[in-house]
Amino acid sequence: MMLMRRLFLLAVLAAPLLCAVGAEDEAAADEGKAEDRVVDGFSEADRAQMADTSEKHEFQAEVNRLMDIIINSLYTDKQVFLRELVSNAADALEKARFHSVQDDLYLGDTKDLEVKIEHDPDAKTISITDTGIGMSKADLINNLGTVAKSGTTNFLEAMAEGADTNLIGQFGVGFYSAFLVADKVTVTSKCNDDPVQHVWESSADASFTVVPDPRGNTLGRGSRVTLHLKEDAHDYLSEDKLKEASKKYSQFIQFPIYVKVKKEVDAEAEEDDDDDDDKEDEEEKDDVETKDDDDEEKEEKEEKKPTKKTVYEWEQVNTQKAIWLRAKEDVTEEEYTEFYKSISKDYLDPLSYTHFNAEGEIEFKSILYLPKKAPFDMMDNYWSKKSEVKLFVRRVLVAEKFDELLPRYLNFVRGVVDSDDLPLNVSREQLQQNKIMKVISKKLVRKVLELMKKLAKEEESGDDEDEEKEDEEEKEEEKKEEKKDKADEEGTWSKFWKEFNKNLKMGCYEDDSNRSKLSKLLRFATTKSEGKEISLDKYLDRMQESQESIYYMSGDSMDVMMKAPALQIFKKKDIEVLMLSDHLDEPCLQKLADYEGKKFVSIQKADVKLDETEEEKKRFSKVKDMYKPLTDWWKDSLTDLTEKGAMKDAGVKVEKVEISKRLTDSPVVVVTSQFGYSAQQERVMKAQAFQNKEQISMMSGRKTLEINPNHPVVIDLLSKIKADKEDKAAKDTAQVLFQTALIESGYEIADPSALVNRVYRLMSKELGVDPDAPLKEVEVPEEEEEAEEEDDKDEEGEEEDEEGQEKKEEL
């Protein structure tokens, strides 16, 4: 018992000693870890030495205020920090390259001009390293501690007063965008003019420090910018995020940009490479081996499982070259196609492209592409969609989408615009001067329209050649087949028009300055084109000599329009008419008003004039006088119908009833006034979600009923009216003709019940039934039905008895 107590006391006394020893060991281990911990290449010892020997400087007051503005309000997208820092690195590399041209020994041992981007997930840092010109101690203090441009204080005062940021001067504040994502920035730099490598560091407060690097010259030449990220910027500690942002903004910088990536490889592969050198020695020692040894080795190899090893590599992200900087003759079709796919993310080849250099008030280089297929959402959000042409300044992306670079109707165009001297605002997110933007936009639009005109002309000339060849007699069948196949193939412009015709029609409606150019690109089907769409120039070539106007009509489809009564006289006189089946066609032509001095005239409106001989004019005058009683009576009847009768709420107003010059087969047709909506336009306007009924009613126009004096129905009506103007049958017939003409011409009837009732009455009279007879219930012969049902049951019972008797006899 005593022994147990003594052991217990010894344990109690030894416990504190053991704890003290353990604590000392842990402290020593922590010190070792602290000494071993390296952030951005600096150990804790290096950090301590730098803290003791650093020089502290105060930021210039206006720079301190500028950083506050940058961090809080200047940039709209945090991601631009990478664009600004890589751009600065590229500028430093360009300066180093320039010096190397003048001095062959300038590059020294660091001959590769490149930018490297890496991240450290543990230390929460991103580093951008370049082998450019570098900075001395004085450069670090002057370039990063001040904004070496005049007008800075004025800018800050203007900003404080809420002035427009577009008016600020051009000075380099891109470096300070690093503080968008970092709470501390470290810049290590070495230049050839200073033998000492220095470290600049700041935490976005009022001061910064500059100190010689205790590690010595680790860069050789160049700069390394390390960002200690804020918590809300930790998503940039990702390879994919860094690669995506680097590629987005710096895809076309001329110097290689590398991102450090982690990869897994088979460890055995490296071991095999190391063992290759020793194979010859092993073969000399073991000249003879038994089959048993071979079997054992095979079994051992099978038992070994492949192991993975993590390695780090530098992956280049800007492999795509800026081909717009090269001469057109030096760029191949494959390069143009590859470049288009890289900027548009389209899997198809482009339909066509234009590559040009603009000179004059503003100089820039550009490549613009026409896609082969329209995006599925092309017309969605049409009014708010931005141009897809990318804007670069010295090969650095400034904006992927710009509001005013191209007009809305050309938002399908893809390409790049690059200039060395665009006047950007301080954030490099928009141009300072709208005037410059307008000049660039004007040149881009002109080039796109010239490209379209070229495609259209090539197809037009090809069609003309085909027509000439068709007139010649072909003897060989093979040539005929080849021609047929070629004719069946859709031309380049036809493919483009099929995909993007709505855009060009919208442009014709919106773009006043380029409307005449766009009009030459328009294509329409006609009554003589056999379903093929032709240009307005070709229509003019086929016009009759005496024809003074370009005639058109609109409708839902070609089949419906070809049956329209308004087209009858044009078929008879062999006059070609444009057939507008798209809802954008008619507004487009109305905006154009005329083409090459020929006015556009709708054959569905009342102002159509056709060539007539003197005899025709005299005859028409006599017919008009002959039918005056009918036209006057019909006008009064329709006025009562539309203002007091069944159609008073339909919104239809009848202006007049007159003899028609356009009808050959149909008895009547309804046309609208010159400035009123056509039937197609009325349907489109009524289908709008936010329609204005009052405006539609006002713009619908007053209708004109034209009658065919040669039709038997009209002749019969004239005779009845002369006999009795109160003839009820004649009145019903006249109203039914008007309503059916409205429907045939494409107009809607608000309340069709009146028309339906009249049709029922006419059908009743046709069948010899009194339409006013009261309805009676039909008598159903119930007794006869019951008797028939009983007879059916008796017959079924007899059949069953006969079947049973037959089965018995068989048994």
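Please determine whether any residue of region 528-548 is among the small types (Gly, Ala, Ser), in a loop (DSSP other than H, G, I, E, B) and within 14 Å of LEU592 (Cα to Cα).
No; the residues of region 528-548 include none that is among the small types (Gly, Ala, Ser), in a loop (DSSP other than H, G, I, E, B) and within 14 Å of LEU592 (Cα to Cα).
Which of the residues spanning region 640-676 are open to solvent by 30 Å² or more (accessible area, probe 1.4 Å) and free of Cβ contacts under 8 Å to residues at least 60 places away in the same chain?
ASP640, GLU643, LYS644, LYS648, LYS653, GLU655, LYS656, GLU658, PHE675
Of everything in region 523-553, what is of a type in the set (Gly, Ala, Ser) and at pLDDT 90 or above? Give them in sequence order. It would help to see each step written out before you state the result.
Residues of region 523-553 of a type in the set (Gly, Ala, Ser): 525, 529, 531, 535, 546, 549.
Within region 523-553, ALA525, SER535, SER549 meet the criteria.
Please work out if LEU592 is surrounded by 14 or more Cβ atoms within 10 Å (Cβ to Cβ), within 41 Å of the chain's Cα centre (by Cα) and among the hydrophobic types (A, V, I, L, M, F, W, C).
yes
Restricting region 564-589 to residues that are within 30 Å of SER516 (Cα to Cα) and small (Gly, Ala, Ser), which is surrounded by the most Cβ atoms within 10 Å (Cβ to Cβ)?
That would be ALA566.
When you go through (1) in contact with a helix residue (DSSP H, G or I) (Cβ under 9 Å, 6 or more places away or on another chain); (2) at pLDDT below 85; (3) closer than 30 Å to PHE339 by Cβ one by one for LYS263, which number turns out not to apply?
Just one mismatch for LYS263, condition (1).
Just give me the residues in region 121-146 being over 22 Å from ASN217 (Cβ atoms) and surrounded by fewer than 18 Cβ atoms within 10 Å (Cβ to Cβ), in sequence order.
Passing the criteria: PRO121, ASP122, ALA123, THR146.
Across region 606-639, what is the number of residues that are open to solvent by 80 Å² or more (accessible area, probe 1.4 Å), of a type in the set (A, V, I, L, M) and under 14 Å from LEU705 (Cβ atoms)?
The total comes to 0.
If GLU334 satisfies every condition in (1) acidic (Asp, Glu); (2) in contact with a helix residue (DSSP H, G or I) (Cβ under 7 Å, 6 or more places away or on another chain); (3) open to solvent by 30 Å² or more (accessible area, probe 1.4 Å) but one, which is the exception?
(2)
Does region 600-616 hold any residues that are more than 17 Å from VAL669 (Cα to Cα) and acidic (Asp, Glu), and which are they?
If the condition is that a residue be more than 17 Å from VAL669 (Cα to Cα) and acidic (Asp, Glu), then ASP611, GLU612, GLU614, GLU615, GLU616 are the ones that fit.
For region 100-111, enumerate the residues that are touching a residue at least 60 places away in the same chain (Cβ under 8 Å) and surrounded by 10 or more Cβ atoms within 10 Å (Cβ to Cβ).
Hits for region 100-111 are TYR106, LEU107, GLY108, THR110.
If I ask for residues that are touching a strand residue (DSSP E or B) at 6+ places or on another chain (Cβ under 7 Å) and closer than 19 Å to ASN708 by Cα, which ones from region 734-771 would you list?
Scanning region 734-771 gives LEU737, PHE738, ALA741, LEU742, SER745.
Just one of SER73, SER100, SER136, SER127 is among the hydroxyl-bearing types (Ser, Thr, Tyr), modelled with pLDDT of 85 or more, out of contact with any Gly (no Cβ under 6 Å at 6 or more places or on another chain) and within 30 Å of LEU391 (Cβ to Cβ); which is it? Outline the logic, then answer.
Details: SER73 fails: modelled with pLDDT of 85 or more; SER100 fails: within 30 Å of LEU391 (Cβ to Cβ); SER136 fails: within 30 Å of LEU391 (Cβ to Cβ).
One residue alone meets the criteria, SER127.
Has region 603-618 got any residue that is at pLDDT 90 or above and under 30 Å from PHE500 (Cα atoms)?
yes
For region 306-331: of the residues being hydrophobic (A, V, I, L, M, F, W, C) and under 24 Å from ALA90 (Cβ atoms), which is most open to solvent (accessible area, probe 1.4 Å)?
TRP314
Looking only at region 762-782, count how many residues are part of a helix (DSSP H, G or I) and either open to solvent by 80 Å² or more (accessible area, probe 1.4 Å) or modelled with pLDDT under 80 (or both).
5
Tell me which residues, restricted to region 537-548, are free of Cβ contacts under 8 Å to residues at least 60 places away in the same chain and either aliphatic (A, V, I, L, M) or open to solvent by less than 60 Å² (accessible area, probe 1.4 Å) (or both).
Of everything in region 537-548, those that are free of Cβ contacts under 8 Å to residues at least 60 places away in the same chain and either aliphatic (A, V, I, L, M) or open to solvent by less than 60 Å² (accessible area, probe 1.4 Å) (or both) turn out to be TYR539, LEU540, MET543.
I'd like the full set of residues that are farther than 14 Å from LEU641 by Cα and part of a helix (DSSP H, G or I), limited to region 741-750.
ALA741, ILE743, GLU744
Under 28 Å from GLU682 (Cβ atoms), open to solvent by less than 40 Å² (accessible area, probe 1.4 Å) and without any contact (Cβ under 8 Å) to a residue 12 or more places away in the chain: which single residue out of ILE603, ILE534 fits that description?
Of ILE603, ILE534, the one residue that is under 28 Å from GLU682 (Cβ atoms), open to solvent by less than 40 Å² (accessible area, probe 1.4 Å) and without any contact (Cβ under 8 Å) to a residue 12 or more places away in the chain is ILE534.
For residues that are part of a loop (DSSP other than H, G, I, E, B) and closer than 20 Å to PRO195 by Cβ, tally how many sit in region 93-110. So that I can check it myself, show each step before the final result.
Initially, region 93-110 is screened for residues part of a loop (DSSP other than H, G, I, E, B), giving 103-110.
Among the residues that remain, those that are also closer than 20 Å to PRO195 by Cβ are: 103, 105-110.
Count: 7.
Looking at the structure I just gave you, is LEU518 modelled with pLDDT of 90 or more, open to solvent by less than 50 Å² (accessible area, probe 1.4 Å), among the aliphatic types (A, V, I, L, M) and in contact with a Cys (Cβ under 6 Å, 6 or more places away or on another chain)?
yes
Residues that are free of Cβ contacts under 8 Å to residues at least 12 places away in the same chain, under 28 Å from PRO256 (Cα atoms) and not in a strand (DSSP E or B): does region 347-359 have at least one?
Within region 347-359, one or more residues are free of Cβ contacts under 8 Å to residues at least 12 places away in the same chain, under 28 Å from PRO256 (Cα atoms) and not in a strand (DSSP E or B).
Report the residue count in region 520-547 for those that are under 18 Å from SER461 (Cα atoms) and among the hydroxyl-bearing types (Ser, Thr, Tyr).
So the count comes out to 3.
Table: residues versus (1) at pLDDT 80 or above; (2) assigned to a loop (DSSP other than H, G, I, E, B); (3) more than 17 Å from LEU638 (Cα to Cα); (4) within 54 Å of the chain's Cα centre (by Cα).
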| site | (1), (2), (3), (4) |
| --- | --- |
| VAL714 | yes, no, no, no |
| ALA754 | no, no, no, yes |
| GLU795 | no, no, yes, no |
| GLU809 | no, no, yes, no |
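The values are calculated or read from the model by the stated rules, or taken from the named source; none is laboratory data. What you see is a predicted model; the values in this text were computed from it and never measured. A quick note on method: Cβ atoms are made from the backbone with ideal geometry, for glycine too, and the neighbour counts reach across all protein chains shown. Surface areas here come from the heavy atoms of the whole protein model, side chains and all, with no ligands, DNA or RNA. Shrake-Rupley method; radii C 1.70, N 1.55, O 1.52, S 1.80 Å.
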